[in-house]
Amino acid sequence: SQTIHQWPATLVQPVGSPLSLECTVEGTSNPNLYWYRQAAGRGLQLLFYSVGIGQISSEVPQNLSASRPQDRQFILSSKKLLLSDSGFYLCAWGGWLDTEAFFGQGTRLTVV
Amino acid sequence: KQEVTQIPAALSVPEGENLVLNCSFTDSAIYNLQWFRQDPGKGLTSLLLIQSSQREQTSGRLNASLDKSSGRSTLYIAASQPGDSATYLCAVRNRTGTASKLTFGTGTRLQVTL
């Protein structure tokens, strides 16, 4: 069976510090991968998606970037965090033929 | 641009009641619709997936319906239990090239009381 892992579960970072969140999927190959952010009181917003190694599409302009160095690894990064980057970050993969989303357990990021 | 609305935003019911959560979307050209459950501080758990050609889907005490032409879906929960307390999210999927994009509603926060 397929599983998706995200870490860390929680993170407190000072403004201006770098960020690296990692997501990996097991039990499948060449998955479509997604990063979402859930801000307090708001719905989930799609940040990035990737259909293959090295292929990144950005949905919204922001202080973050994404990379896909390996088939089943998706990384969310920032060089310098802003207060507005605080939120709950969720990684997802699209299932067989990218028709159903399966989510990781999320990372709660607090920028102080 | 696809927009998804969920009503009500919050709901509190006594245990045993049947309830309906509503979801509406503005662009009916969807690929499918997915209902999720989210417990506080946790990720999303997929509950039901309805393809655009389907009218409804059932899993245990949950039944989801889809009226694509009118841009509406409902999630029916029968005989609610305290363990059903969570936030329920509706998301519609549109295809774009080799990927698909989910647009989420802001959710209905459900509390089932003893």
FRET efficiency, 1/(1 + (r/R0)^6) with R0 35 Å, evaluated for B:ILE7 and A:GLN13 via beta carbons | 0.45
With Cβ to Cβ distances under 10 Å as the rule, what net charge do the other residues near B:THR74 carry (K, R +1; D, E -1)?
-> -1
Neighbourhood net charge (15 Å Cβ-Cβ; Lys/Arg +1, Asp/Glu -1) for B:ILE50 = +1
Taking R0 as 22 Å, what's the FRET efficiency between B:LEU19 and B:ASP67 from their Cβ-Cβ distance, rounded to 0.05?
-> 0.70
Under the Karplus relation with 6.51, -1.76 and 1.60 and θ = phi - 60°, whole-Hz ³J(HN,Hα) for the range A:41-47, x at Gly and Pro, equal x, 10, x, 6, 10, 6, 9
Separation of the A:LEU97 and B:TYR76 label points, Cα + 7 Å toward Cβ, nm | 2.8 nm
Contour minus Cα-Cα distance for A:ASN30 and A:GLN55 (0.36 nm per residue) | 7.8 nm
Would you mind working out the magnitude of the charge dipole of chain B relative to its Cα centre, with +1 at each Lys and Arg C-beta and -1 at each Asp and Glu C-beta, to the nearest 20 Debye?
-> 400 debye
Calculated from backbone phi, Karplus (6.51, -1.76, 1.60) coupling profile of the range A:72-87 in Hz, x at Gly/Pro = 10, 10, 9, 10, 10, 9, 8, 7, 9, 6, 10, 4, 5, 7, 4, x
Compactness of the protein assembly as shown, expressed as Rg and Dmax over alpha-carbon positions, Å | 17.6, 51
Taking only the alpha carbons of chain B, the radius of gyration and the largest Cα-Cα distance, Dmax, both in angstrom, are 13.7, 48
Zone of A:LYS79's modelled label, taken as backbone nitrogen in the range A:1-23 under 15 Å from a point 7 Å along Cα→Cβ | A:16-20
Placing each pseudo-label 7 Å from Cα in the direction of the beta carbon, B:SER28 and A:ARG42 end up separated by a distance in nanometres of 3.1 nm
The answer for the net charge of residues other than A:SER77 whose Cβ lies under 14 angstrom from its Cβ, with Lys and Arg +1 and Asp and Glu -1, is +2
Hey, which lysines would be in cross-link range of B:LYS42, C-alpha to C-alpha under 23 Å, not counting anything within fewer than 8 residues on its own chain?
-> B:LYS101
Residue-wise HN-Hα coupling along the range B:76-90, computed from phi with Karplus coefficients 6.51, -1.76, 1.60 (Hz; x: Gly, Pro) | 9, 10, 8, 6, 4, 10, x, x, 7, 4, 4, 9, 10, 10, 10
Size of electric dipole in the protein assembly as shown: Cβ of Lys, Arg +1 and of Asp, Glu -1, about Cα centre, debye, nearest 20 = 400 debye
Size of electric dipole in the range A:1-98: Cβ of Lys, Arg +1 and of Asp, Glu -1, about Cα centre, debye, nearest 20 | 260 debye
Straight-line reach check, A:LYS79, cutoff 17 Å on alpha carbons, 8 or more apart in-chain or any other chain, hits among aspartates and glutamates -> A:GLU22
Once the mean of 1/r over all distinct C-alpha pairs in chain A is inverted, the Kirkwood radius in Å reads 14.0 Å
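Read-outs throughout are calculated quantities, based only on the coordinates presented, and are distinct from any laboratory measurement. Remember, predicted model here, so these are calculated numbers, not experimental data. A quick note on method: Cβ atoms are made from the backbone with ideal geometry, for glycine too, and the neighbour counts reach across all protein chains shown.
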